[in-house]
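Below is one structure, written out as structure tokens; the observations come after it.
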Amino acid sequence: MAGFFLVYLLAASCAAGFLLFRRNTVPRENGGVFRMNGQPSVIIPARNEESNLPYLLGSLQVQSMEGLDLIVVDDHSEDRTRAIAESFGVNVIASPPLPPGWTGKNWAVTTGFKAAKGDILIFLDADVRLAPNSLFSLLAARERMGGVLSVVPYHQTERFYERLSLIPNLLGLFAFTSPMERRNPAQGLYGACIVATREDYERAGGHEGLKGELLDDLGLGARFREAGIAIHNYIGHGLVSFRMYPGGIRSEVEGFSKGAVLSTSKLSLWTTLLVAIWLIGLAASESAPFFFGTQWGIPLGIAYVLYTAQIYYFVRYTGMFGRWLPAIHGISTLFFLFVMLYSVIQVAFFGRVAWKGRAVQVGGKRGDGAGGKGRGDGVDSETKGTGEAVRDRTGGGPS
């Protein structure tokens with residue numbers, strides 16, 4: 001009897017995932033379907049993105065639109081970012097020195113915005129890749145729905161360590177597709193791909209209104225909601241993708257941990273509760289091998305099969321995680337728990353998170369970074385021995 005009760009309980013936990021997930025993909029348009037009002041500007045902040053920019057700029061060249069105002073903001077790159085952008089014939093702007101009180105991406109995006117000519121603004125991270133006709137579909141969806149639109153890109157992976165992000169990616173997708181977030185006054189946007197009119201962006205205060213915030217995309221979403229502007233979050237499957245962390249597992253851990261703890265506080269209570277229920281059931285089902293031969297073995301094994309089938313369905317819209325990793329998802333769950341623990345330690349004990357060898361202050365604490373004084377209040381600290389001000393990553397990955 002207890003075994004059957006456990007099966008029902010874990011099945012209900014698994015069902016929480018279906019309450020959170022919505023297959024809300026961007027509607028495809030074939031061109032010429034709607035009449036666009038105004039010129040679009042594409043703003044791409046980039047720091048050391050020589051490996052990513054060719055994919056993004058190449059995909060922009062094959063879009064079924066003409067007259068795009070393309071802007072790449074070179075945020076003091078130390079590689080060939082600027083040269084590559086110039087080779088594609090786009091407008092390249094050098095980001096001025098970072099003022100006190102700003103985080104790097106917010107400053108770079110604001111710099112690009114001030115140079116933009118268009119009435120419609122498209123903000124893209126440098127690691128985004130667009131399928132042909134994606135821009136037209138994005139603009140048509142925004143025109144039809146109104147308000148501001150953001151897209152959770154489909155995660156392209158190539159190496160095993162990249163695929164460890166399976167569970168973190170699913171949880172991120174839950175956070176942006178959860179129907180409970182529609183009434184959340186702090187509803188977030190996904191920073192890798194955002195489309196808004198200039199008028200709405202300015203009314204919401206833009207990135208300048210949250211210049212010192214680490215989670216710029218979540219903060220920006222709240223600003224749009226405060227201004228009475230509707231938010232529409234989509235899944236990028238088939239149209240918008242990215243490769244988040246080609247630089248190694250260290251960058252992957254730092255990237256996910258940067259907002260792992262802080263972003264949780266932005267979610268609605270119901271979304272957080274359902275995510276917790278789903279995760280607890282997932283972890284319980286993954287303990288099945290340890291109970292083999294006991295009365296709990298079969299119920300836990302059934303739950304494992306249910307979760308595995310569900311994950312295989314979800315990853316069709318989430319990313320490329322290989323044929324077998326979704327079946328042994330416990331490995332990714334362990335990776336997620338490690339990321340959460342690392343994030344808690346960084347935020348709670350050190351008051352900062354790391355990204356690409358730099359320390360970004362959070363929670364209003366001041367610290368000495370790694371060789372310099374922190375600016376505090378969520379802005380970047382000086383982390384080089386020379387005291388040179390540095391910025392958080394300004395293109396690609398979670399913003």
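The values are calculated or read from the model by the stated rules, or taken from the named source; none is laboratory data. Keep in mind it's a predicted model, so treat the numbers as computed, not measured. Because the Cβ atoms are built from the backbone with ideal geometry, glycine has one as well, and the counts that use them run over all protein chains shown. Remember, those area values only see protein heavy atoms, side chains included, never the ligands or the DNA or RNA. Shrake-Rupley method; radii C 1.70, N 1.55, O 1.52, S 1.80 Å.
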- Query: Once fully extended, how much extra length lies between Ile331 and Lys114, figured as 0.36 nm per residue of separation less the alpha-carbon to alpha-carbon distance?
  - Reply: 73.6 nm
- Query: How much length is gained on full extension from Trp324 to Gln295, taking 0.36 nm per residue of separation minus their Cα-Cα distance?
  - Reply: 7.7 nm
- Highest mean first, what order results for 215-224, 322-331, 282-291 on Cβ atoms within 10 Å? 215-224, 282-291, 322-331
- Quick calc: nm separation of the 7 Å Cα→Cβ label points for Glu202 and Ile249 -> 4.9
- Please state, as a whole number in µm²/s, the translational diffusion coefficient that the Stokes-Einstein equation yields for the stretch 52-140 at 37 °C and 0.692 mPa s, with Rh defined as the Kirkwood radius across alpha carbon pairs. 236
- Apply the Karplus parameterisation 6.51 cos²θ - 1.76 cosθ + 1.60, with θ equal to phi minus 60°, to every residue of the stretch 218-228 and state each ³J(HN,Hα) to the nearest whole Hz, in sequence, with x for glycine and proline. 5, x, 5, x, 4, 5, 5, 5, 4, 7, x
- Note on the structure: Mean accessible area per residue over the stretch 137-271 (1.4 angstrom probe, all protein chains present, square angstrom) is 35
- Surrounding net charge for Val315, when Lys and Arg each add one and Asp and Glu each subtract one, Cβ distance under 12 Å: +3
- Query: Which net charge results when you count Lys and Arg as +1 and Asp and Glu as -1 among the other residues whose beta-carbon is under 13 Å from that of Gln187?
  - Reply: +2
- Note on the structure: Heavy-atom accessible area of the stretch 88-133 with neighbours in place, 1.4 angstrom probe: carbon+sulfur share in percent works out to 63
- Item | Heavy atoms of Val7: accessible area, 1.4 Å probe, square angstrom to 10 | 30
- Starting from the Cα coordinates of the stretch 205-314, work out the convex hull volume and express it per residue in Å³. 171
- Query: Which percent of the Cα-Cα distances in the stretch 159-202 go past 11 Å?
  - Reply: 75
- Would you mind giving the three semi-axes, in whole Å and largest first, of the ellipsoid equivalent to the stretch 1-124 according to its Cα gyration tensor? 40, 23, 15
- Message: Relative contact order of the stretch 108-258, please, whole-number percent, based on alpha carbon pairs below 8 angstrom and at least 6 residues apart.
- Response: 40
- Where the centre of each part is set by its Cα atoms, how far does the stretch 109-177 sit from the stretch 306-326, in angstrom? 21
